[in-house]
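A.B. asks: Before we start, here is the structure in question, set down as structure tokens.
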Ligand SMILES: Cc1cc2nc3c(=O)[nH]c(=O)nc-3n(C[C@H](O)[C@H](O)[C@H](O)COP(=O)(O)O)c2cc1C
């Protein structure tokens with residue numbers, strides 16, 4: 001018997017992917033969200049494209065990936081505003097220390113950070129980084145600021161990090177991220 005996974009039919013998720021070594025896990029995350037019926041609009045930072053190709057994420061999400069804020073297409077509404085206005089959830093996984101800081105301070109130098117500022121719906125953030133970067137007071141202050149705005153956070157996990165350190169900072173398991181998405185949107 002094939003399980004029916006339709007909880008996310010009709011839901012539009014914008015998935016921000018940033019320049020972490022964990023960016024490859026976005027491929028599995030997209031596959032799972034699509035299986036639940038979600039429409040997934042992927043937005044990558046330039047940094048993320050160093051870790052996984054837009055082609056992979058485009059094929060899995062079945063739609064063009066947004067990267068360049070200047071590639072606005074033919075709409076009269078700028079794409080960053082249109083994406084923000086039409087999304088049910090802004091999910092960022094993995095979230096780098098850098099984009100976390102940009103979100104916390106309201107900087108909008110690229111497509112993903114501009115979408116964040118224009119978003120009024122729920123935001124789910126999944127940080128991933130080296131444990132020292134995660135525990136740095138600057139990162140913790142940024143996380144606190146984002147939490148105080150009401151954004152949901154999936155805490156990173158402990159384990160062996162790609163940089164060789166053992167500790168806190170691994171992207172949370174994809175299943176845990178999907179469960180949080182279902183609890184917000186399902
Ligand atoms: C091999 C490698 C792995 C990295 N992994 C991470 C990471 O997991 N988390 C993080 O915050 N930064 C990581 N960085 C640093 C970011 O890629 C760097 O801060 C970059 O400017 C982030 O760009 P973005 O935040 O716009 O995507 C890594 C860099 C390299 C070279």
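A.B. asks: Under 25 Å from residue 27 (Cα atoms) and assigned to a loop (DSSP other than H, G, I, E, B), is that true of residue 167?
C.D. replies: On the way: under 25 Å from residue 27 (Cα atoms): yes; assigned to a loop (DSSP other than H, G, I, E, B): no.
For residue 167, the condition - under 25 Å from residue 27 (Cα atoms) and assigned to a loop (DSSP other than H, G, I, E, B) - is not met.
A.B. asks: Going by what's in this entry, would residue 87 be described as touching a residue at least 40 places away in the same chain (Cβ under 8 Å), within 14 Å of the chain's Cα centre (by Cα) and more than 15 Å from the ligand (Cβ to nearest atom)?
C.D. replies: Working: touching a residue at least 40 places away in the same chain (Cβ under 8 Å): yes; within 14 Å of the chain's Cα centre (by Cα): yes; more than 15 Å from the ligand (Cβ to nearest atom): yes.
Against the criterion (touching a residue at least 40 places away in the same chain (Cβ under 8 Å), within 14 Å of the chain's Cα centre (by Cα) and more than 15 Å from the ligand (Cβ to nearest atom)), residue 87 qualifies.
A.B. asks: Would you confirm, using the coordinates I've provided, whether residue 71 is assigned to a loop (DSSP other than H, G, I, E, B), away from the ligand (no atom under 14 Å from the Cβ) and within 20 Å of residue 48 (Cβ to Cβ)?
C.D. replies: Working: assigned to a loop (DSSP other than H, G, I, E, B): yes; away from the ligand (no atom under 14 Å from the Cβ): yes; within 20 Å of residue 48 (Cβ to Cβ): yes.
Criteria met by residue 71.
A.B. asks: Ok, one more. Which of the residues belonging to segment 68-78 are at pLDDT below 90 and surrounded by 13 or more Cβ atoms within 10 Å (Cβ to Cβ)?
C.D. replies: 72, 78
A.B. asks: Scan 93, 26, 22 and give me the residue that is under 16 Å from residue 177 (Cα atoms), in contact (Cβ under 8 Å) with a residue 12 or more places away in the chain, within 16 Å of the ligand (Cβ to nearest atom) and outside any helix (DSSP H, G or I). Full working, then the answer.
C.D. replies: Numbers: 26 fails: outside any helix (DSSP H, G or I); 22 fails: outside any helix (DSSP H, G or I).
Just a single option satisfies the conditions, and that option is 93.
A.B. asks: Is there a residue being farther than 16 Å from residue 124 by Cα and in contact with a strand residue (DSSP E or B) (Cβ under 6 Å, 6 or more places away or on another chain) anywhere in segment 67-79? Write out each step before concluding.
C.D. replies: At the first step, the residues of segment 67-79 found to be farther than 16 Å from residue 124 by Cα are 67-79.
Now narrow it down to the ones that are in contact with a strand residue (DSSP E or B) (Cβ under 6 Å, 6 or more places away or on another chain): 67.
For segment 67-79, residues farther than 16 Å from residue 124 by Cα and in contact with a strand residue (DSSP E or B) (Cβ under 6 Å, 6 or more places away or on another chain): present.
A.B. asks: Could you please give the count of residues in segment 111-133 that are part of a helix (DSSP H, G or I) and over 17 Å from the mean Cα position of the chain (by Cα)?
C.D. replies: The initial filter retains those residues of segment 111-133 that are part of a helix (DSSP H, G or I), namely 111-118, 131-133.
Now narrow it down to the ones that are over 17 Å from the mean Cα position of the chain (by Cα): 131-133.
Of the residues in that region, 3 qualify.
A.B. asks: So residue 32 passes all but one of these: (1) closer than 16 Å to residue 116 by Cα; (2) not in a loop (DSSP other than H, G, I, E, B). Which condition number does it fail?
C.D. replies: Exception for residue 32: condition (1).
A.B. asks: I'm trying to understand the selection: among the residues of segment 170-186, which are away from the ligand (no atom under 15 Å from the Cβ), under 17 Å from the mean Cα position of the chain (by Cα) and assigned to a loop (DSSP other than H, G, I, E, B)?
C.D. replies: Of everything in segment 170-186, just one residue is away from the ligand (no atom under 15 Å from the Cβ), under 17 Å from the mean Cα position of the chain (by Cα) and assigned to a loop (DSSP other than H, G, I, E, B), namely 173.
A.B. asks: Inside segment 124-152, can you point out the residues that are free of Cβ contacts under 8 Å to residues at least 40 places away in the same chain, surrounded by 17 or more Cβ atoms within 10 Å (Cβ to Cβ) and either within 17 Å of residue 14 (Cβ to Cβ) or away from the ligand (no atom under 14 Å from the Cβ) (or both)?
C.D. replies: Within segment 124-152, 125, 151, 152 meet the criteria.
Yes/no matrix, rows are residues, columns are (1) surrounded by 15 or more Cβ atoms within 10 Å (Cβ to Cβ); (2) at pLDDT 95 or above; (3) over 15 Å from residue 93 (Cα atoms):
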| position | (1), (2), (3) |
| --- | --- |
| 25 | yes, yes, no |
| 31 | no, yes, no |
| 35 | no, yes, yes |
| 38 | yes, yes, yes |
| 44 | yes, yes, no |
| 49 | yes, yes, no |
| 52 | yes, yes, no |
| 57 | yes, yes, no |
| 60 | yes, yes, yes |
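A.B. asks: I need the full set of residues from segment 96-110 which are in contact (Cβ under 8 Å) with a residue 40 or more places away in the chain, outside any loop (DSSP other than H, G, I, E, B) and within 12 Å of the ligand (Cβ to nearest atom), in order please.
C.D. replies: Correct list: 97, 98, 99, 100, 101, 103.
The values are calculated or read from the model by the stated rules, or taken from the named source; none is laboratory data. Bear in mind the structure is a predicted one, so any value in this text is a computation, not a measurement. Please note: Cβ atoms are built from the backbone with ideal geometry, for glycine as well, and neighbour counts cover all protein chains shown.
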